[in-house]
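The values are calculated or read from the model by the stated rules, or taken from the named source; none is laboratory data. Source: prediction; values computed, not measured. Every residue, glycine among them, receives a Cβ derived from its backbone with ideal geometry; neighbour counts consider all protein chains shown. For the accessible areas, the whole protein counts, side chains as well, though only heavy atoms, and no ligand, DNA or RNA atoms are used. Shrake-Rupley method; radii C 1.70, N 1.55, O 1.52, S 1.80 Å.
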Amino acid sequence: MSISATPPATRRADYTPPAFLIDTVDLEFDLTPERTVVRNTMRVRRNPTVVRASNLELAGEQLEFIRAAVDGHPNVNVRVHERGLTVYDVPDCFELTVTGTCHPAANTTLMGLYVSGGNFFTQCEAQGFRRITWFLDRPDVMSVYTVTLRAEKSAYPVLLSNGNLLDQGDLPEGRHYAKWEDPFKKPSYLFALVAGKLVAREARIKTGSGKEKLLQVWVEPQDLDKTGHAMDSLIRAIRWDEVCFGLELDLDRFMIVAVSDFNMGAMENKGLNIFNTKCVLANPETATDTDFANIESIVGHEYFHNWTGNRVTCRDWFQLSLKEGLTVFRDQAFSAAVAGGNESEAARATKRIEDVCILRQMQFGEDAGPMAHPVRPERYVEINNFYTATVYRKGAEVVRMYQTLVGEGGFRKGMDLYFQRHDGQAVTCDDFRLAMADANGRDFSQFERWYSQAGTPRVRVTTHYDDATRLYGVTLAQEYGDASPAARATQREPLLIPFSIGLVGRDGADVPLRLEGETEARGTTRVLELAQAEQCFTFVDIPEKPLPSLLRNFSAPVIVEYDYGNDELAFLLAHDSDPFNRWEAGQRLATRELLALAEQVRQARSLEMSDTLINAFRSVLTDESLSPSFRALSLTLPTEIYLAERMAVSDPAAVHAARRYVRQRLGQALREAWLATYERHLTPGVYEATAEAAGRRALKCSALAYLSELDDPADAVRLATRQYDMANNMTDRIGALSALLNAAAGTGDDVANRPLDDFYTRFEHDPLVIDKWFALQATQRGHAQCPVIDVVRALTHHRAFTLKNPNRARALISSFCGANPSQFHATDGSGYAFWVEQVLALDAINPQVAARLARTLELWRRFTPVLSAQMRTALEQVELNARSLDVREIVQKALV
Ligand code: B3K
Ligand code: ZN
């Protein structure tokens, strides 16, 4: 196949059930880094519900065949080929043994069995198991696994696999073995093994029904002091699932293992979760408050998969959101619930705001480009490219909408019915939808469109108040706007949209709501069910013209279009009882101002902004009744990426100039308030990991960041230097260092050099912290004399840099290409040339990491002509030279 040929696609419509089933798998591993021998014995039988096939086709990749036997007879008619192995003329029911080898030390893709830091690890989702042994490597084939691991005892004292430990002991020649059995049927993508020099933090707990469980967090010895938070998070997650969903841990032991070379965050292998060190290790000196929160949610996420994903799994990979959307929804609910303390209401709102920010930045962007796809995609070339914001985050919003439509009690009934019907099965998104519908006596057939239609819906709102009748009409109209061709290719019928609304009176209080036809008012927030292209809802008995608070708590993943005046937004920012919409009002106000300024930059006009935003920000900053975390979020301007996507033509330089201008103006105009806020929110003494303390640190660092924007940043430099030197936690340290880098960029002096060097020396032996050191420099503002590309290029030669470690590659390369838009999109094309080099270098090592990086240019058509022409050339260069299906699928989609 020539490199530029269109790669073959897999289609949802082509699904057929497997011709054979595998009831049991017995695996024996003789582990050595260069060459591991895998003996695989399977009980196979014909699938009774499927037309008879004479041959068994097993998938296998990058394996060397040694021998095969059917029912113990070695004379088997088999053919080994590039994509796997065919066994000809098999009986209805038989035992098949296949022996082969794989090459863990040479495996840089980090899929299948590989070596990291001298230890063995596996990653099988989605199709890595076929790189370990030949198998029906598809999620609808579920089997019971027994696994025997053999290895040299001194180098690999710990041998782990899924389930329960049956036996262990010594072998001749300094080797030893361990035998594991997982009593639950599972698909091959949930298989895992780990072998090496590791130590564990342990805890023993009793589940709700009184059963004893052993919990372990396995890490390299030097990291043991960073496992407490992960263990606490795991215990909280176990409790939460018992209380909220009545779901208990089903195995006697549950293990988490940390590995520093890992393609994503973590993996939910049954009973043996494998985690990127970044998503598990934390102590106050090395991890920020954000890291702590991420670890908690990811530990929760992988644990929750034990039921939503493992006990009930996906029939095929098009159903990925069945487990991912649902499990993200569950981890979001978990994090919101445990953020707790006496701040719980505010903490819940903060969590919701953060989740929506990520959705709007990542998923709305995806929906606007060539990778747009429905929550349940129709086709893929490389399934690894479909672990997307749409499948995960829009998928989670789709699950959230069921809950909004049927209430928390109704949602629980739906979950109960889902498990009652499907425990132990591999099912589809339709099965989940039907369980929700049947448990609540609802017809959710229209709701199916959320799974099959791509693009971000827009809801246009018009209102009308009539003094004489005291009626308030709200008309909601849904459409898709100017979606990308990829989104337009899917069907586009009206959706069922739960649209939450409140009406705010002139005194700032919510108006009691009574819809036409109702006998009395019920509550002050109502969920309107928009099911048609356009629908009018009439509220009666409204004493005066109210201000609508639309899509409260972001009740659906849509864009709301309503013509608010600036004063109305400022009023909502001050009064809306819905914290999400309070924040949203400030964001709308800021977005409007910033986009207008970006336009002024484009037209080379001098910049001017109104006082509305400054006054609104002043009110928030000085409102002590608001929690510090909410204030910090409300005072954060929309990101440059979010703003650029909202321009008719994306112009990163203009957005950057506008945003910088606004930050400077806000810094200057509110200088006294920032200084006072900074001093009032210091967190002296012992570090506390509470949401309250984290909120104070966030607000303090945000004040510092605004002060660092000033033409004369002396205050910021003084405070940040002190904060850096006195820091007893990473949040303060990083906050100070980035303020210093920012101040240095403004003045061109060297105030950041000493702390930057100090940071490196202090944490030289802690790779996760050194990742932060790379990322901080890659995302800095830079200045004319020193473009950030020069810094980044120099850092690629730093002794601590390597492309082979995904965390390190992402810290420097992806941070620069994906999170420093104004520097990356330099008009001289230097960023794009760098991108081509790095995508191709990664393509040869690790296609998954390369493909993620390749996606940073996918919205190229939306940029200014000067930039988009150069982006196109860069994409063409990658298309010509990339070898992996992963990267080729991305760039070919971008170029059509
Ligand atoms: N299920 C894994 C993701 C696997 C990605 C494979 N390319 C982690 C998670 O979502 O929990
Ligand atoms: Zn997941």
Exercise for review: Provide the solvent-accessible area of E584, counting protein heavy atoms only and rolling a 1.4 Å probe, rounded to the nearest 10 Å².
Suggested key: 30
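At a temperature of 25 °C and a viscosity of 0.890 mPa s, determine how fast the stretch 797-850 diffuses translationally according to Stokes-Einstein, using the Kirkwood radius over alpha-carbon pairs as Rh; express D in µm²/s, rounded to the nearest whole number.
Values: Rh = 11.5 Å.
The Stokes-Einstein estimate is 213 µm²/s.
Kindly work out what percent of the DSSP beta bridges joining two residues of the chain are antiparallel, to the nearest 5. Please list the in-between numbers first.
Numbers: 102 of 126 bridges.
Of those bridges, close to 80 percent are antiparallel.
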**Study point:** Net charge, A282 excluded, C-beta distance under 13 Å - Lys, Arg +1, Asp, Glu -1
**Key:** -4
Practice item. List the equivalent ellipsoid semi-axes of the stretch 747-863 in whole Å, largest first, each obtained as the square root of 5λ for an eigenvalue λ of the Cα gyration tensor. Key: 23, 19, 10
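Would you work out what percent of the accessible area of the stretch 261-348, with all protein chains in place, is carbon or sulfur (probe 1.4 Å)? Each step should come with its number before you reach the end.
Working: 1010 of 1930 Å².
Solvent-exposed carbon and sulfur of the stretch 261-348 make up 52 percent of the total.
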Study note, to complete from the structure: Semi-axes of the stretch 302-343 from the Cα gyration tensor (sqrt of 5 times each eigenvalue, largest first, whole Å) come to 26, 10, 5
Check your understanding: Rounded to the nearest 0.05, what FRET efficiency is calculated for Y760 and A833 with R0 set to 35 Å and r the Cβ-Cβ distance?
Key -> 0.80
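Divide the volume of the convex hull of the Cα atoms of the stretch 1-142 by its number of residues and quote the answer in cubic angstrom per residue. Can you show the working numbers first?
On the way: hull volume 19.0 nm³, N = 142.
Per-residue hull volume (Cα only) is 134 Å³.
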Practice item. For M142, list long-range residues whose amide hydrogen, built 1.01 Å from N in the peptide plane, is under 5 Å from its own amide hydrogen. Key: I22
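Add -39500 (n - 2.57) for each DSSP H run of 4 or more in the chain, then divide by its residues: what number comes out at 222 nm, to the nearest 500 deg cm²/dmol? Don't jump to the answer; show the numbers that get you there.
Values: 29 runs with 351 residues, N = 896.
Estimated from H runs of four or more residues: -12000 deg cm²/dmol.
From the C-alpha coordinates alone, can you work out the Kirkwood hydrodynamic radius of the stretch 468-572, in Å?
About 15.2 Å, per the Kirkwood formula over Cα pairs.
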Practice item. Convert each backbone phi in the stretch 309-325 into a coupling constant with the Karplus relation 6.51 cos²θ - 1.76 cosθ + 1.60 (shift: θ = phi - 60°), then list the ³J(HN,Hα) values in order as whole Hz, x for Gly and Pro. Key: x, 9, 5, 10, 10, 8, 5, 8, 6, 5, 8, 3, 5, 3, 8, 7, x
Exercise for review: Taking all protein chains together and a probe of 1.4 Å, list V686, V38 from the most accessible to the least accessible.
Suggested key: V686, V38
**Study point:** Highest-first arrangement of 626-636, 416-426, where packing means the average Cβ count within 10 Å
**Key:** 626-636, 416-426
Check your understanding: Ordered by residue, what ³J(HN,Hα) values in Hz, to whole numbers, does the stretch 694-708 give under the Karplus form 6.51 cos²θ - 1.76 cosθ + 1.60, where θ = phi - 60° and Gly and Pro are x?
Key -> 4, x, 4, 5, 5, 5, 4, 5, 5, 4, 4, 5, 5, 5, 6
Check your understanding: For the stretch 797-896, with equal point scatterers placed on the C-alpha atoms only and solvent neglected, what are the log10 I(q)/I(0) values from the Debye formula at q = 0.10, 0.20, 0.23 1/Å, to two decimals?
Key -> -0.24, -0.95, -1.23
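Enter the accessible area per residue of the stretch 1-147 (Å², integer; probe 1.4 Å; all protein chains in place). Please list the in-between numbers first.
On the way: 6450 Å² over 147 residues.
Ligands and nucleic acids excluded, the result is 44 Å² per residue.
Where does the stretch 682-749 land on the Kirkwood hydrodynamic radius, alpha-carbon pairs, in angstrom? Numbers along the way, then the final one.
Working: mean 1/r = 0.0838 Å⁻¹.
Over the stretch 682-749, the inverse of the mean reciprocal pair distance is 11.9 Å.
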Point to revise | Where only alpha carbons of the stretch 180-334 are counted, the Rg and the Dmax (Å) | key: 14.7, 44
Check your understanding: Carbon-plus-sulfur fraction of the accessible area of the stretch 435-548, 1.4 Å probe, in percent?
Key -> 45
Exercise for review: Return the sequence-ordered ³J(HN,Hα) values of the stretch 550-555 in whole Hz as given by the Karplus equation 6.51 cos²θ - 1.76 cosθ + 1.60 applied to θ = phi - 60°, using x for Gly and Pro.
Suggested key: 9, 6, 4, 6, 6, 6
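Can you tell me the alpha carbon radius of gyration of the stretch 655-796 divided by the globular rule-of-thumb value 2.2 N^0.38 Å?
On the way: Rg = 15.0 Å, N = 142, 2.2 N^0.38 = 14.5 Å.
Here the answer is 1.04, to two decimals.
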Study note, to complete from the structure: Computed over the stretch 627-720, protein heavy atoms only, probe 1.4 angstrom, the accessible area per residue in square angstrom equals 35
Exercise for review: Sticking to Cα atoms, compute the Rg of the stretch 397-510 to one decimal and its Dmax as the biggest Cα-Cα distance, whole number, in Å.
Suggested key: 18.2, 61
Practice item. Determine the principal axes of the Cα atoms in the stretch 838-896, then give the extent along each, sorted from largest to smallest and rounded to whole angstroms. Key: 33, 16, 15
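Which sequence of C124, C701 reflects their accessible areas, 1.4 Å probe, from the largest down?
Numbers: C124 0, C701 20 Å².
Solvent-accessible surface, decreasing: C701, C124.
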Point to revise | Convex hull of Cα atoms in the stretch 290-373, direction-averaged projection (nm²) | key: 6.3
**Study point:** Solvent accessible area, Å² - I353, 1.4 Å probe, full protein context
**Key:** 0
Revision key, fill the gap. Note: the chain, point scatterers on Cα, Debye, no solvent; log10 I/I(0) at q = 0.06, 0.07 Å⁻¹ equals -0.42, -0.58
Review point. Counting only protein heavy atoms and using a 1.4 Å probe, what share of the accessible area of the stretch 16-89 belongs to carbon plus sulfur, as a whole percent?
Key: 48
**Study point:** Long-range amide H partners of V259 with built H, under 5 Å
**Key:** F275, N276, T277
Study note, to complete from the structure: Over the stretch 182-323, with neighbouring protein chains present, the accessible area per residue in Å² at probe 1.4 Å is 28
Practice item. Using amide H atoms built 1.01 Å from N in the peptide plane, name the residues 5+ places from M647, or on other chains, whose amide H lies under 5 Å from its own. Key: none
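Report the semi-axes of the equivalent ellipsoid for the stretch 546-701 in whole Å, largest first, where each axis is √(5λ) for an eigenvalue λ of the Cα gyration tensor. If you can, show how the numbers build up before the last one.
Values: eigenvalues 141, 84, 44 Å².
Three semi-axes, in Å: 27, 20, 15.
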Exercise for review: May I have the extent of the alpha carbons of the stretch 239-315 along their three principal axes, as whole Å values ordered from largest to smallest?
Suggested key: 37, 27, 24
**Study point:** For M362, solvent-accessible area (1.4 Å; no DNA, RNA or ligand), Å²
**Key:** 100
